[in-house]
Amino acid sequence: MALLNEPASFPTAMWVVARYLATSPGRRQARDTAQAVLRPASLLPAGKAEGDKTFDNAVRTLQDLGVVAVDGDDLVLCDDNRLQSGDDYAGFTDLIRIGVLESHRNDGIAEPGDSGPRDLVRALACFLTLDAYSAYDEDVLEDLLRRTLPPHIGDPNFNDVRRNRFGYWSRALGFAAGPLLQTPSKLTLQPDCTTAVQRTARTLWPNGARLAARDAIASLTEALPVLPGGRYSAALQLKKTTPDVSSTLSFALFCGEQQGWLRFDSRSDADDEVLLVDPDRATSTYRITHLVILEPLNG
């Protein structure tokens, strides 16, 4: 199911279903019971049409991404150890990010066709090549897809429905930020993978880990292959505009240092170094040799 098209669900509706299942980890929930509980307008609006499919679409998309299993008439979280409670929204976004980026769901990403999450993954890979220090409206995003995706993939058709869905998905997965108040007529987004990078770093390394910067960058790019230089970006023939670390990943690492979960080291006797994009410096770069993973200041 292509995630930027109907009938794929929005992450918000999926979270409502996953949160309900997480209240009873490991226990099966009858599908009909879950639907009856979640259909009030405050949770999953039934809409004007009698045959509203909001619940069914949320379950189907969760199932497609490997978060929820459907066994007969029952629903169950596939890995309730990853979703600790009904308050663990960050854990939920980790699960859907992993599901969206999973290799087997993106086979043939550079070939025609939109099945699975490939339409979203292609759009993310293009979006993350942009300058992280700027915001872009939907017209720029549509033009970007048309100019940068290989012609044989076909017209990405970034219409109103797909633009709207991309806004929801990119922010939910931790790859974009937007103004608190969007203009009524135009979607505006900034490439910001800070959340995805922080959550991924916490799964890759323990607190206190001291890492060679180039190795750490390679590990993050492997885990988040929509980043410039990652395998999906490379498969789509998207060009890197910086020799070492992309603007988007550089921005996320600087945010990590400011937020206190990351520290940069720049040893003069180190065998290797990488250059982060830093527009505030005269050279537009910042040299580091190592990264140190720290306990987040907010826990």
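The values are calculated or read from the model by the stated rules, or taken from the named source; none is laboratory data. Small disclaimer: the values here were computed from a predicted structure and weren't measured. Here the Cβ is made from the backbone with ideal geometry for all residues, glycine too, and neighbour counts use every protein chain on show.
A few remarks follow.
- Number of residues in the stretch 187-238 that are among the charged types (D, E, K, R) and under 20 Å from the mean Cα position of the chain (by Cα): the value is 5.
- Of all residues in the stretch 102-115 being within 15 Å of the chain's Cα centre (by Cα) and within 20 Å of residue 69 (Cβ to Cβ), the one that is surrounded by the most Cβ atoms within 10 Å (Cβ to Cβ): 105
- Within the span defined as the stretch 244-259, one or more residues are surrounded by fewer than 18 Cβ atoms within 10 Å (Cβ to Cβ), among the polar types (S, T, N, Q) and either at pLDDT 95 or above or more than 30 Å from residue 153 (Cα to Cα) (or both).
- Selection count, the stretch 183-230, where residues are closer than 16 Å to residue 94 by Cβ, among the small types (Gly, Ala, Ser) and surrounded by 21 or more Cβ atoms within 10 Å (Cβ to Cβ): 2
- Close pairs (8 angstrom Cβ cut-off, 6 or more residues apart or separate chains): at positive phi in the stretch 96-115, outside any loop (DSSP other than H, G, I, E, B) and crowded, with 19+ Cβ neighbours inside 10 Å anywhere: 108/118
- Residue pairs meeting the criteria (Cβ under 7 Å; at least 6 apart or on separate chains; first free of Cβ contacts under 8 Å to residues at least 60 places away in the same chain, in the stretch 224-236; second in a loop (DSSP other than H, G, I, E, B) and surrounded by 22 or more Cβ atoms within 10 Å (Cβ to Cβ)): 229/246
- Of all residues in the stretch 80-94, those satisfying the criterion of being surrounded by 15 or more Cβ atoms within 10 Å (Cβ to Cβ) and free of Cβ contacts under 8 Å to residues at least 60 places away in the same chain are 80, 82, 91.
- Any hit, the stretch 136-154, residues being in contact (Cβ under 8 Å) with a residue 60 or more places away in the chain, charged (D, E, K, R) and touching a Ser or Thr at 6+ places or on another chain (Cβ under 8 Å): no
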